[in-house]
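The values are calculated or read from the model by the stated rules, or taken from the named source; none is laboratory data. This one's a predicted model, so the numbers in the text were calculated from it and none came from an experiment. So basically every Cβ, Gly included, is an ideal-geometry build from the backbone, and we count neighbours across all protein chains shown. Side chains included, ligands, DNA and RNA excluded: accessible areas come from the protein's heavy atoms. Shrake-Rupley method; radii C 1.70, N 1.55, O 1.52, S 1.80 Å.
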Amino acid sequence: MNQPNGQSHFQVVCKVPTDYGVTFTKYKSSKTGLTVVLADIEAPLVNGYFTLATESFDDFGCPHTLEHLVFLGSEQYPYKGVLDSLANRAIAQGTNAWTDVDHTCYTIATAGSQGFLNLLPVYVDHILYPTLTDSGYYTEVHHVNGKGEDAGVVYCEMQGCQNTGDDRIHLRMKRIMYPNNCGYRSETGGLMERLRELSVEKIRGYHQNYYRSDNLCLIITGKVDEQELMDALAPVEANILSKGPLPPMDRPWFQTGNFPSLTANVEETVLFPDEDESMGTVLIAWNGPSCHDFLTLHAIEVLNTYLTDSPVSVLQKEFVEIEVPLCTDVEFHVSDHLRTTLVFTATSVPMEDIEDMPGRFFTTLQQLVDTNDIDMERMATVIDKELQKVLNTVETDAHDTAAAICIYDFLYGDESGKDLQKSVKDHEYLEELAKYTADDWLALLKTHYLSAPHITLLGKPSASFADQLMEEEQQRVEQQRQDLGPAKLEQLQTDLESAMTKNAMEMPDDILENFTIPAVSTINFINVISARNNGPVETDNPVQLHVNRDNASHIPMFIQYDHVRSRFVKISAHVSASTIPSNLLPYTRLFLKAIFSLPMDRNGVTLSYEDVVKGLGEDTLEYHASLGTTSGFRELAVFTIKAKESKYEKAVEWLRDILWNTQFTPERLKVVASQILNDVPSAKRDGNSMVHECLRAFQFDAKKSANVARNVLFQSVFLQDVLQQLENNPAKVIADMDAYRQALCDPANLRLHVIGNIFNLPNPRSAFKHFDVTDVKALTPITFAHDTLSPKGAEPGQVCYVASMPSIENSYAVHSVKCPKEYNHPDMAPLLVTIELLDAMEGYFWKLIRGKGLAYSSYLEANPESGLLSFTIYQSPDSFKAFEQAKIVIDQLVSKEMSIEGTALDGAKSAVIYSLVAKENTMSRAALQSFVNQVLRQVPVSYNRDLLTAIQATTKDDLHRILETYFVNLFQPSTSNVMVVSSPSKVTEIQEGFNGCGFNMKAITLNQVTIDGLIDAP
Ligand SMILES: [Zn+2]
């Protein structure tokens, strides 16, 4: 062991280099037991994952409720919201946290390391010494409000998920799998019935037992100077030591985490509420190996991928890729507990097949054993790809990947660091697995999936169960109201108000003022160098010169090259959908989902769809077709292939064949159309996505917009018709699909993008000579979302509906008004700052909407592509009340009754700067951003930097102008569109609320929203 410096108590436990360029250094304090792991990652962001091992033996939800309370203030900073306000000043966008069944993790991401180190001591003070006040518990966890209803942020959050199909099935699995004394069986989020009985004393006790320096690990990923880190930790250590010694503690999980195996099979049915009873879920679970058995775990992961990863995998071929699919997805998951659990899930299983499904699953696996059927060629591809995936995630998701490794090591690894060392040797394990024979794989399959006892759960949707739950809940609340009586209810209302007043204790200005915001110049942006096919000849851009040198062929297409450091090359075709005839637009979903798994004519030879999928598997790392990018532009179809650098030419060839040489067959179209159809019921259970889909259906023109024509709300009717035609007149559908392709894949619609180390490509241009495009006159202009607005979208003030959804227990809303539709409009920068000021954690909306328990969250988005500003209310007991509160906030800001503090403005600016940096956080995101700005948005290369300058220049006067110009409109019936989805029991109340303030809200059902507009209820 050695010491980083003279004064520090931290000693280096181990230094672990990896094959993929990240080095882990683990430190432990000899005085406080605090663990620190630094993962050295080259990136502009620094991330923190502050982790505690949290074991719980009941369903009161102490780990989760505590996670919420930590953010409400600490010993040195006893003010609610101070942490998040300071986080913004550290150039971050607030803080976050999650509670898993075995640990709780507090997160932060800052642009640059300076802000991170400033915030570190503040954050640790919150974790180890939170205030845990009665009033904080009252609003944040649970209380009964003046109407006799249960409320509180955590309570509402659990109300939103406890009775969903997934949660009910997983909880039941845990109850059967893990014995009574084992924490893995607990609902660490807290069950509603337990939350109603929980007390703040119980949470304080839990905090005392688990939130100790020797049970805390500070995982830090990114570029941080070791000495500066130790300096930042010195006051933290001193403060911990000033509290005196800790009583001894057993390491969590080591007493109970090694539970006994299942001894017999268990099969049960689990009901969940939904009015649509057509599709259910099947879950099968087994005991898995120890989490330290890396070779076996890697073997199981490889086997799982082999069984499920593509349309030619064993289980997809058997259950998904058939004319009448038995499910739409098959998936294995390995839980990362001390002793693992293996879980198989089949989603969207038709109810008529659900009883037979588990039997067929086991028969299928048994047949592999009986017939000795392992395709060793595909297995070799799977193993090679696993290794590429490791290298790829290091490029695309380095911080989270490194954190997951460190969390495992902290919870379950040997204290010497020897398990950490073993856990990063993916290369070695995969090399070992490459030596496995077919018999080895079949033996593995037998041991873990065929011979071992298992749990089978059939998750079935039930309308009567939905009614029953709703009735029971209404009766319970009614009873509670009666028991309390009017005087007590009034008292409860007063209690709530006084709790909120106590929570709102103003923090002294100097806390914020003394916390310096680091200079933006300290952030290291990733540099992307762009070049174009047929670009400038006279240039000193080395990438352009490299591209220009490859000049043997005539390549008339638009291609942008973005050079970054990467082991992979990513090729995308962005294709304008604006030339597709209106009547064909509803085929969009079917076209995009089918296109990578069709037979193909390749140089005169027909490949079966299986051969195509296998070939793609061998030559590429990943491929997909979708509408748009992460930055919008959903009127473009985007086809992407990512591959090893050495496969560049092959990848280009695949892209050509996918675009032009695939063949639509009735068989394949039936399979894919049925898969989409079977997924519709589960999509319709998601309140947040439904409220947006509904509003989109009203605001955009389905005759012009591919994005709207493929709306999941319209697909049932359309695809049922397509399936019927595939039976009776398949030629018509094939002709339509061919016409769709012909319109879409016109070379004039095509913009190509290549990301990677361009210098390593010997033929960046001429690889495209096989594209057979001889001439492109003029490129089709890019279609922006605002080009496809319906009259109601172009002039908001004409949509106002509430739709009832029996599968949800609360409500979701979107309100939409006009905003600028030019990316470089002078209002854009102040608009972004205003949004941050309202929306940010501890922003005005956060404090007054979430803080008052009116919604789990709310968020604003200004989208110049559509020219619309939207305000979303997420998981609210009554979205009207949240809306009403938002109106009060805006009114008071506009009238200056509520003033905007200078520190709040500074915090908001630095949070917006963070979000711009985060958009370019990895090589491939930075390269994508370069393409989006230059090619799609058609703004100068300097756009993001210019925006940065404009954000820093924003003043309070700008904010007032923005509030008056745009935000006031959100609350006026004549200028805003409103869509709400709600549990049936709240529909009338919400409707009356809106109509009481001048709106004309109509109640509808999801089924009334069709491609031809709103139809009358049947
Ligand atoms: Zn939560």
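Can you tell me which condition Thr447 does not meet? The list is (1) open to solvent by 70 Å² or more (accessible area, probe 1.4 Å); (2) in a loop (DSSP other than H, G, I, E, B), and all the others hold.
(2)
Yes or no: the range 205-223 includes at least one residue that is more than 30 Å from Pro121 (Cβ to Cβ), touching a helix residue (DSSP H, G or I) at 6+ places or on another chain (Cβ under 8 Å), in a helix (DSSP H, G or I) and within 16 Å of the ligand (Cβ to nearest atom).
Step one: filter the range 205-223 for residues more than 30 Å from Pro121 (Cβ to Cβ), giving none.
Taking every residue of the range 205-223 in turn, none turns out to be more than 30 Å from Pro121 (Cβ to Cβ), touching a helix residue (DSSP H, G or I) at 6+ places or on another chain (Cβ under 8 Å), in a helix (DSSP H, G or I) and within 16 Å of the ligand (Cβ to nearest atom).
For the condition buried (at least 16 other Cβ atoms within 10 Å of the Cβ), in a loop (DSSP other than H, G, I, E, B) and touching a residue at least 24 places away in the same chain (Cβ under 8 Å), what is the one hit in Val932, Val939, Val912?
One residue alone meets the criteria, Val939.
Scan the range 58-82 for residues that are free of Cβ contacts under 8 Å to residues at least 60 places away in the same chain and open to solvent by less than 10 Å² (accessible area, probe 1.4 Å) and jot them down.
Matches in the range 58-82: Ser74 only.
Examine the range 610-625 for a residue that is without any contact (Cβ under 8 Å) to a residue 60 or more places away in the chain, of a type in the set (A, V, I, L, M) and assigned to a strand (DSSP E or B), and state whether such a residue exists.
The answer is yes; a qualifying residue exists.
So Gln93 ticks every box in (1) open to solvent by 10 Å² or more (accessible area, probe 1.4 Å); (2) over 25 Å from the mean Cα position of the chain (by Cα) but one. Which box is left unticked?
(2)
Given the options Leu391, Leu433, Leu420, Leu442, name the one that is under 19 Å from Leu295 (Cα atoms) and at pLDDT below 95.
Leu391
Hey, can you tell me all the residues within the range 317-328 that are buried (at least 18 other Cβ atoms within 10 Å of the Cβ) and either aliphatic (A, V, I, L, M) or within 16 Å of Pro681 (Cβ to Cβ) (or both)? Let's see the steps before the verdict.
So in the range 317-328, the residues buried (at least 18 other Cβ atoms within 10 Å of the Cβ) come out as 318-321, 325-328.
Matches in the range 317-328: Val320, Pro325, Leu326, Cys327, Thr328.
Which is more than 16 Å from the ligand (Cβ to nearest atom), open to solvent by less than 30 Å² (accessible area, probe 1.4 Å), outside the structural domain of Gly33 (by the TED database) and in contact with a helix residue (DSSP H, G or I) (Cβ under 7 Å, 6 or more places away or on another chain), of Val270, Val236? I'd like the intermediate steps shown before the answer.
Working: Val236 fails: outside the structural domain of Gly33 (by the TED database).
The conditions single out Val270.
Out of the residues in the range 316-329 that are more than 26 Å from the chain's Cα centre (by Cα) and of a type outside the set (Asp, Glu), state the one that is nearest to Ile383 (Cα to Cα).
Lys317
Tell me which residues, restricted to the range 132-141, are within 29 Å of the chain's Cα centre (by Cα) and not in a helix (DSSP H, G or I).
Within the range 132-141, just Val141 meets the criteria.
Within the group Leu677, Leu669, Leu590, which residue is open to solvent by 20 Å² or more (accessible area, probe 1.4 Å), closer than 30 Å to Leu1006 by Cα and in a helix (DSSP H, G or I)?
From the options Leu677, Leu669, Leu590, the qualifying one is Leu677.
Restricting to the range 142-167, count the residues that are in a helix (DSSP H, G or I), of a type outside the set (S, T, N, Q) and either within 13 Å of the ligand (Cβ to nearest atom) or in contact (Cβ under 8 Å) with a residue 24 or more places away in the chain (or both).
Filtering the range 142-167 down to residues in a helix (DSSP H, G or I) leaves 153-161, 165-167.
Next cut, of a type outside the set (S, T, N, Q) only: 153-158, 160-161, 165-167.
From what's left, either within 13 Å of the ligand (Cβ to nearest atom) or in contact (Cβ under 8 Å) with a residue 24 or more places away in the chain (or both): 153-158, 160-161, 165-166.
Result for the range 142-167: 10.
Going by the structure shown, is Asp40 within 16 Å of the ligand (Cβ to nearest atom) and either within 24 Å of the chain's Cα centre (by Cα) or outside the structural domain of Asn921 (by the TED database) (or both)?
Working: within 16 Å of the ligand (Cβ to nearest atom): no; either within 24 Å of the chain's Cα centre (by Cα) or outside the structural domain of Asn921 (by the TED database) (or both): yes.
For Asp40, the condition - within 16 Å of the ligand (Cβ to nearest atom) and either within 24 Å of the chain's Cα centre (by Cα) or outside the structural domain of Asn921 (by the TED database) (or both) - is not met.
So, Ser631, is that one among the small types (Gly, Ala, Ser) and either touching a Ser or Thr at 6+ places or on another chain (Cβ under 8 Å) or at pLDDT 95 or above (or both) or not?
No; evaluated as a whole, the condition is false for this residue.
Looking at the structure I just gave you, is Thr139 within 16 Å of the ligand (Cβ to nearest atom) and of a type in the set (Val, Ile, Thr)?
yes
I need a count of the residues in the range 50-67 that are assigned to a loop (DSSP other than H, G, I, E, B), within 15 Å of the ligand (Cβ to nearest atom) and closer than 23 Å to Asp409 by Cα.
2
Please enumerate the residues belonging to the range 263-299 that are more than 28 Å from the chain's Cα centre (by Cα) and part of a strand (DSSP E or B).
Val266, Glu267, Glu268, Thr269, Asn287, Pro289, Ser290
Filter the range 120-131 down to residues that are surrounded by fewer than 22 Cβ atoms within 10 Å (Cβ to Cβ) and not in a helix (DSSP H, G or I) and give me whichever is farthest from the ligand (Cβ to nearest atom).
Ranking the candidates gives Tyr129 first.
Taking Leu303 as the residue in question, decide whether it is surrounded by fewer than 21 Cβ atoms within 10 Å (Cβ to Cβ), touching a residue at least 40 places away in the same chain (Cβ under 8 Å) and aliphatic (A, V, I, L, M).
Against the criterion (surrounded by fewer than 21 Cβ atoms within 10 Å (Cβ to Cβ), touching a residue at least 40 places away in the same chain (Cβ under 8 Å) and aliphatic (A, V, I, L, M)), Leu303 does not qualify.
Here's a check for you: in the range 168-199, which residue that is among the hydroxyl-bearing types (Ser, Thr, Tyr) and more than 13 Å from the ligand (Cβ to nearest atom) is most open to solvent (accessible area, probe 1.4 Å)?
So the residue we want is Ser199.
Given the conditions (1) over 27 Å from the mean Cα position of the chain (by Cα); (2) closer than 24 Å to Val613 by Cα, and given that Gln388 satisfies all but one, which numbered condition is not satisfied?
It is condition (1) that Gln388 fails.
Kindly establish whether Ser113 is away from the ligand (no atom under 16 Å from the Cβ), polar (S, T, N, Q) and over 23 Å from Thr401 (Cβ atoms).
When the stated conditions are applied, Ser113 does not pass them.
Condition first: in a loop (DSSP other than H, G, I, E, B), more than 16 Å from the ligand (Cβ to nearest atom) and within 17 Å of Leu916 (Cα to Cα). Now tell me which residues in the range 81-100 satisfy that.
Ala90, Ile91, Gln93
Quick test of your reading of the structure: Leu607 fulfils all but one of (1) aliphatic (A, V, I, L, M); (2) open to solvent by less than 30 Å² (accessible area, probe 1.4 Å); (3) under 26 Å from Asp375 (Cα atoms). Name the failing condition by number.
Result: Leu607 passes all but (2).
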